[in-house]
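The values are calculated or read from the model by the stated rules, or taken from the named source; none is laboratory data. These numbers were taken from a predicted model, which means no experiment stands behind them. Every residue, glycine among them, receives a Cβ derived from its backbone with ideal geometry; neighbour counts consider all protein chains shown. The accessibility values were calculated without ligands, DNA or RNA, using every heavy atom of the protein model including side chains. Shrake-Rupley method; radii C 1.70, N 1.55, O 1.52, S 1.80 Å.
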Amino acid sequence: KNHTSAIVLTSLSTVSATTTTIIITAFLTSPPRTILKIRTPITKTSSTTTTLSLSTPTSTANISSSTIIMSASAQQLRTDLLKIIGENPGGHQDAKVRASFASKLQAYSKADGADASDVIFAIGKSVFGVELDSPTPAKKATDDLPIVDFDYMKQFMKQVFLSYGVSPDRAETCSDVLIEADKRGIDSHGLGRLKPIYCDRMDNGILWPDRPIDIVTESETTALVDGNLGLGLYIGPHCMQMAIDKAKKYGVGFVACRNSTHYGIAGYYATMATEQGWYVTLYVLSFFA
C-alpha cells in the first residue's frame, strides 16, 4: 500500500550459444529502494522455448551497494509474510494470523541477508503490533568515503570560478550561494551543479563569468536590472541587496532582473532578507524572446 513496485531487466549478457545471463532487479519506485536483485542464467533448449531458473546470487561482483543479497530461507520467509498479508486483509484483528505473522517475522529478522530497512518490519510493527529488533544494517561501501569539510568545498568552488575569470568578490559570492545549498542538504543545487550548470555553460558561451550589472530604470522603491547573461549566482545577491536597501529606507523594495541565469537556491535570498529583519517574496519567470 502507498508504494509503487517494478521489476526491471537491468543487464543481459551472452555466456555461450545456449546460455544467457540476466540480472533482474525488483525495487520500490515510491519511495525508491532496491529490495532484491537476482543474477541468473537463462538456458535455451533446442526448441524456441526459453527456460528461466531463478537462483540466489553467489557473488556480489558488479552488484551495487544498495543490493540486498537474501538467502533462500530469507526469501521464502519474506514470501510467506507477504502471502499472509495478501490473503488476510483483516488479519491484524485475528489472533491466529497475528501469531503466525509474528513467528515468521521473528524468523525472517534472524535469517541471513534480511534487510534491516525492509518495509515488512514497519508493517509488522504498525499493523500487526509485532515489536522486535530488526537486523543490524550491513556496512555500505559509502561508509568508507572521505568526508570533505564545507570550507574546503567552498574554497574549491571559488578557485574554479576564479579560473574562469570571475572577479574575486563575485567568486566568493558564487561559492557562498552554492555551499549554502549543501549545508542545507539541498544537494541538487550545491557543488553538484558547479560543472554541468555553470562551468559547462560558460564553456559553451551560454552565460558569462564576469559581466556588468546595469540598472535600466530605478525609483526610490523599485528597480529594473540587466544581468547581461552573467552568473546568476552573483546577480541574484546583488539585486536582493538592492531591494533590502530600498526597504530599509522606504519600507518596501522591489527589484526585477532581466538577462540573468540560474541563481542557486531561492532560500539563500530569503535568508538575506530575514537576517536583516525583512520579509521577502521571490518571483522567478524564465522565457525566451
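Worth pointing out:
- Lone unmet requirement of (1) modelled with pLDDT under 90; (2) out of contact with any His (no Cβ under 9 Å at 6 or more places or on another chain); (3) aromatic (Phe, Trp, Tyr) for Phe128: (2)
- Of all residues in region 86-117, those being open to solvent by 70 Å² or more (accessible area, probe 1.4 Å), acidic (Asp, Glu) and in contact (Cβ under 8 Å) with a residue 12 or more places away in the chain number 1.
- In region 250-285, residue least open to solvent (accessible area, probe 1.4 Å) [restricted to those that are in contact with a Cys (Cβ under 9 Å, 6 or more places away or on another chain) and not hydroxyl-bearing (Ser, Thr, Tyr)]: Gly264
- Scanning region 170-185 for residues being in a helix (DSSP H, G or I) and over 14 Å from Gly232 (Cα atoms) gives a total of 5.
- Test: residue in region 239-249 that is among the acidic types (Asp, Glu) and open to solvent by 60 Å² or more (accessible area, probe 1.4 Å): yes
- Members of region 216-226 that are surrounded by 16 or more Cβ atoms within 10 Å (Cβ to Cβ) and touching a Phe, Trp or Tyr at 6+ places or on another chain (Cβ under 9 Å): Thr222, Ala223
- If you go through region 173-192 and keep only what is open to solvent by 50 Å² or more (accessible area, probe 1.4 Å) and either touching a helix residue (DSSP H, G or I) at 6+ places or on another chain (Cβ under 6 Å) or not acidic (Asp, Glu) (or both), you end up with Lys183, Arg184, Gly185, Ile186, Ser188, Leu191, Gly192.
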